[in-house]
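Please read the structure below before turning to the comments.
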Amino acid sequence: MDLLFTGGRLVIAGPDTKAVELGPQAGGLIVGARFRPGIAPAVLGVPARHLLDARVPADDVVGDRARALAETLRGIRSPAEAAAVLGHRIGAWTLASVPPSRVVAGAIALLSGPATLRDPSVSTLASALGVGERRLRRSCVDALGYGPKMFERIWRLRRFVAAAAASPGRTSLAALALDAGYADQPHLTRECRALTGLTPATLRGYPVTAA
């Protein structure tokens with residue numbers, strides 16, 4: 001989930017299940033901050049499921065905090081200064097919020113870290129965390145916007161994009177697919193098309209701007 005200042009206003013970009021293409025805008029300041037998985041709902045005060053695949057005005061969700069921040073950013077012309085102000089303010093909001101639950105934090109760690117659990121079922125993941133499947137799904141939907149399997153698909157794609165950006169042209173797509181956690185290159189191709197509408201070759205070298 002992201003908090004974006006664009007067109008003179010603050011916008012919350014909710015968790016996406018498909019890639020969203022953003023075109024360049026002439027003039028104006030555009031800065032943004034990306035929350036780590038599971039952090040935004042507590043900071044913004046709304047379950048992630050309510051923002052799934054959505055772009056909403058931040059003041060509709062955050063209220064006066066967002067309005068004050070947007071007013072400050074409207075008076076700044078330097079992108080670097082605006083990014084610093086945005087980061088500092090969100091950092092303060094985050095420190096005052098409640099961290100993700102043990103269940104959510106554990107699911108994120110297992111699905112986004114080293115592939116100790118390669119493509120686990122929901123039941124396997126729930127067992128590893130010591131909770132029931134329904135609780136795991138409910139917790140993930142509230143904190144992430146979707147269930148653990150969707151999170152796994154998105155994070156696996158991010159691993160591929162990051163690895164491909166780090167080795168443009170030097171490593172085969174088949175090798176990158178296996179390293180990222182796909183069964184094979186056709187699996188990678190299907191997932192790339194499903195989530196982004198693009199081929200793995202097109203995504204090779206895509207700029208990686210956040211972990």
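Which one is surrounded by the most Cβ atoms within 10 Å (Cβ to Cβ) among residues in segment 70-79 that are free of Cβ contacts under 8 Å to residues at least 60 places away in the same chain and part of a helix (DSSP H, G or I)?
72
Here's the yes/no breakdown for (1) of a type in the set (Asp, Glu); (2) not assigned by TED's automatic domain parsing to the domain that holds residue 12:
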{"residue": "64", "(1), (2)": "yes, no"}
{"residue": "73", "(1), (2)": "no, no"}
{"residue": "82", "(1), (2)": "no, no"}
{"residue": "159", "(1), (2)": "no, yes"}
{"residue": "171", "(1), (2)": "no, yes"}
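Test of understanding: among 108, 90, which residue is in the same structural domain as residue 12 (by TED's automatic domain parsing), under 19 Å from the mean Cα position of the chain (by Cα) and surrounded by 16 or more Cβ atoms within 10 Å (Cβ to Cβ)?
Step by step, each of 108, 90 is checked, and only 90 is in the same structural domain as residue 12 (by TED's automatic domain parsing), under 19 Å from the mean Cα position of the chain (by Cα) and surrounded by 16 or more Cβ atoms within 10 Å (Cβ to Cβ).
Given (1) of a type outside the set (S, T, N, Q); (2) at pLDDT 95 or above; (3) part of a helix (DSSP H, G or I), identify the lone condition not met by residue 146.
Among (1) of a type outside the set (S, T, N, Q); (2) at pLDDT 95 or above; (3) part of a helix (DSSP H, G or I), residue 146 violates only (3).
State which residue is modelled with the highest pLDDT when the search covers only segment 149-193 and only residues that are within 22 Å of the chain's Cα centre (by Cα) and β-branched (Val, Ile, Thr).
Applying the filter and picking the extreme gives 189.
Scan segment 154-194 residue by residue and report those that are surrounded by fewer than 18 Cβ atoms within 10 Å (Cβ to Cβ) and under 23 Å from residue 109 (Cβ atoms).
155, 158, 159, 162, 163, 166, 178, 179, 183
Quick check, is residue 104 among the aliphatic types (A, V, I, L, M), touching a Lys or Arg at 6+ places or on another chain (Cβ under 7 Å) and outside any loop (DSSP other than H, G, I, E, B)?
no
State whether one or more residues within segment 69-86 are aliphatic (A, V, I, L, M), at pLDDT below 95 and in contact with a Pro (Cβ under 7 Å, 6 or more places away or on another chain).
no
Can you name the residue in segment 117-143 that is in contact (Cβ under 8 Å) with a residue 40 or more places away in the chain and assigned to a helix (DSSP H, G or I) and is also surrounded by the most Cβ atoms within 10 Å (Cβ to Cβ) among such residues?
Ranking the qualifying residues of segment 117-143, first place goes to 143.
The values are calculated or read from the model by the stated rules, or taken from the named source; none is laboratory data. It should be emphasised that the depicted structure is a prediction, and the values quoted were computed from it without experimental measurement. We place every Cβ from the backbone using ideal geometry, glycine too, and count neighbours over all the protein chains shown.
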